[in-house]
Amino acid sequence: MNKICISGITYSSEEISAERDTGFIGQSPFHHQLFLFLKDWFTPSPTLSLHTSGSTGVPKEITVRKEQMLQSAKMTCDFFQLKKGDKTLLCLPLNYIAGKMMVVRAIYAGLDIYPVEPSGHPLARMTLPLEFAAMVPLQVYNSLQTGEEKQRLSQIRQLIIGGGAIDEKLEDALKELPNAVYSTYGMTETLSHIALRRINGAEADSYYTPLPGVRLNLSEEQTLIINTQGVADEPIVTNDIAEIRAGGTFRIIGRRDNVINSGGIKVHIEEVERILRSYIKGNYAITSLPHPKLGEAVVLLIEPEADTVAVRKAVEEYLPRYQQPLHILTVNAVPQTGNGKTDRAATHKLAREMEELIQTKEK
């Protein structure tokens with residue numbers, strides 16, 4: 001585990017640590033970022049610093065042991081039966097755990113990793129058949145829009161998708177692909193995914209299956225508690241409200257801190273967003289505002305490309321009364337974090353800033 005294969009060429013830890021011109025550093029800014037991560041990885045220090053995504057607040061720094069990241073890599077490589085020389089794609093930012101763990105998996109299992117600058121079209125110039133790749137939903141969606149990229153996507157033997165929700169239309173499109181496609185569940189604290197959900201084929205399911213070695217249970221508040229042998233020293237108590245079936249599979253209902261108490265009824269933000277996903281163009285978000293009678297009012301933020309009339313119709317047709325937004329506000333852009341997730345704190349702040357406009361309209 002003291003070397004890595006990049007685009008068919010093997011580099012030793014000594015070459016990386018000595019900062020020699022190894023041939024890949026100057027190919028692109030992304031290749032240089034990869035070099036910096038590898039240089040950090042191959043130092044004698046047993047730990048690395050990671051940053052959470054910041055989707056619900058300010059990103060925080062956590063310190064983890066490299067051996068824990070290797071154990072996480074082992075779990076994934078064992079499940080997918082990845083072996084030395086398998087070609088894998090690195091098209092996720094290295095600022096976050098998903099990108100870092102793709103590199104660690106390559107180091108652990110001797111995979112041949114191909115770096116491609118993170119973009120909406122990671123397969124535009126990738127012509128090699130791949131055994132394994134990880135993407136976010138937007139990259140997958142974009143790849144399905146052109147025949148050439150769709151063909152390349154279908155030739156990835158095993159594809160995992162994380163970092164955001166997969167809407168029903170995208171999931172339906174993925175069911176047509178002949179390769180194995182999975183949705184992942186995980187977070188920075190779990191060092192990438194700890195559970196997978198097959199999207200297509202005979203094994204397709206709407207519930208996630210924990211990886212071997214992962215044990216789950218629920219807190220008194222029905223939030224998921226994760227025990228990962230070798231990956232985390234202590235159980236991780238998440239903010240994700242979950243339902244666990246008898247066989248151990250589970251689904252996420254929403255985040256505890258993403259619950260709106262409107263008129264005494266709990267509204268799960270993610271559940272409302274999931275229902276509306278097929279009917280709104282562009283980014284959108286459910287948030288809340290204080291309300292004198294309801295306590296909190298449900299608010300929907302949409303971007304200019306969304307059809308306001310169609311959105312209102314979808315709200316009335318597909319949402320029960322208690323989930324329907326009291327206000328639908330058009331904003332220039334729905335705040336996003338650096339890795340493309342909805343920035344919940346910034347979204348709530350934006351709604352508060354528009355509260356005066358709402359009050360003016362109501363007069």
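The values are calculated or read from the model by the stated rules, or taken from the named source; none is laboratory data. Being a predicted model, the structure only gives us computed values, none of them experimental. For neighbour counting, all protein chains shown are included, and Cβ atoms are generated from backbone atoms with ideal geometry for every residue, glycine included.
Annotation: of all residues in region 236-259 being part of a strand (DSSP E or B) and charged (D, E, K, R), the one that is nearest to Ala346 (Cα to Cα) is Arg255. Residues in region 284-291 include at least one that is closer than 30 Å to Leu94 by Cα and not hydroxyl-bearing (Ser, Thr, Tyr). Contact annotation: residue pairs with Cβ atoms under 8 Å, 6 or more positions apart or on different chains, pairing a residue in region 25-54 that is more than 18 Å from Leu70 (Cβ to Cβ) and at pLDDT below 95 with a partner that is part of a helix (DSSP H, G or I) and not hydrophobic (A, V, I, L, M, F, W, C), are Ile25/His31; Ile25/His32; Gly26/His32; His51/Thr188; Thr52/Thr188; Thr52/Glu189; Ser53/Thr188.
For (1) within 20 Å of the chain's Cα centre (by Cα); (2) within 30 Å of Thr47 (Cβ to Cβ), each residue gets a yes or a no:
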position	(1), (2)
Gly99	yes, yes
Met102	yes, yes
Asp112	no, yes
Leu123	yes, no
Phe132	yes, yes
Val140	yes, no
Gln145	no, no
Gln155	no, no
Lys169	yes, no
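For the condition in contact with an Asp or Glu (Cβ under 8 Å, 6 or more places away or on another chain), within 26 Å of Pro137 (Cα to Cα) and at pLDDT below 90, Ile286 does not qualify. Among the residues in region 110-118, are any aromatic (Phe, Trp, Tyr) and touching a Pro at 6+ places or on another chain (Cβ under 9 Å)? No, region 110-118 contains no residue that is aromatic (Phe, Trp, Tyr) and touching a Pro at 6+ places or on another chain (Cβ under 9 Å). State yes or no: is Asp233 surrounded by fewer than 16 Cβ atoms within 10 Å (Cβ to Cβ), modelled with pLDDT under 95 and in a loop (DSSP other than H, G, I, E, B)? Taking the combined requirement at face value, the residue satisfies it.
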